[in-house]
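First the structure, in the form of structure tokens, and then the observations on it.
Here, each number is a calculation from the coordinates, and none is a lab measurement. The structure displayed is predicted, hence computed values, not measured ones. Reconstructed Cβ throughout: ideal geometry from the backbone, glycine too, with neighbour counts over all protein chains shown.
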Amino acid sequence: MILLEINNRIIEETLTLKFDGASNGTKPEAVDVTFADFDGVLYHISNPNGDKTKVMVSISLKFYKELQEHGADEVSLFGSFWHENKESLFIQFF
């Protein structure tokens, strides 16, 4: 049996580092990390429009079109945080 963590360690560590730095008053640094999860989900953590004070997490699902066929667009869990991006099939959470 394979035991998988419920959190993605790269996302957790990257965001913790960024938020801790912001809380401590540390000068914000650029972030641009792209990686894949075990199930083929592609993540991209970056600064939107080069603004180091903001962090964007984009998620690309190969199977998103299939989810749309089953009503995924009607489910609104993230409300105003859901945005279409120029990156194909990426969803952004600002």
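Look at the dipole of the range 1-60 built from charges on Cβ: of 11, 26, 59, the Cα furthest out on the positive end belongs to 26. Within the shell of other residues whose beta carbon sits under 15 angstrom from the beta carbon of residue 40, the net charge comes to -1, with Lys and Arg scored +1 and Asp and Glu -1. Local charge for residue 11 was computed over the other residues whose Cβ lies under 12 Å away, with Lys and Arg +1 and Asp and Glu -1, and equals -2.
Stretched out straight at 0.36 nm per residue, the stretch from residue 22 to residue 54 would grow longer than its current Cα-Cα span by 10.5 nm. The aspartates and glutamates within cross-link reach of residue 62, meaning a Cα-to-Cα straight distance under 15 Å and a gap of 8 or more places when in the same chain, are 37, 39, 87. Placing a label point 7 Å from the Cα of residue 38 along the Cα-to-Cβ direction, the residues of the range 1-19 whose backbone N falls under 14 Å of that point are 1-10. Partners of residue 27 within straight-line reach, counting lysines whose Cα lies under 18 Å from its Cα and excluding those fewer than 8 residues away in the same chain: 18, 52, 54.
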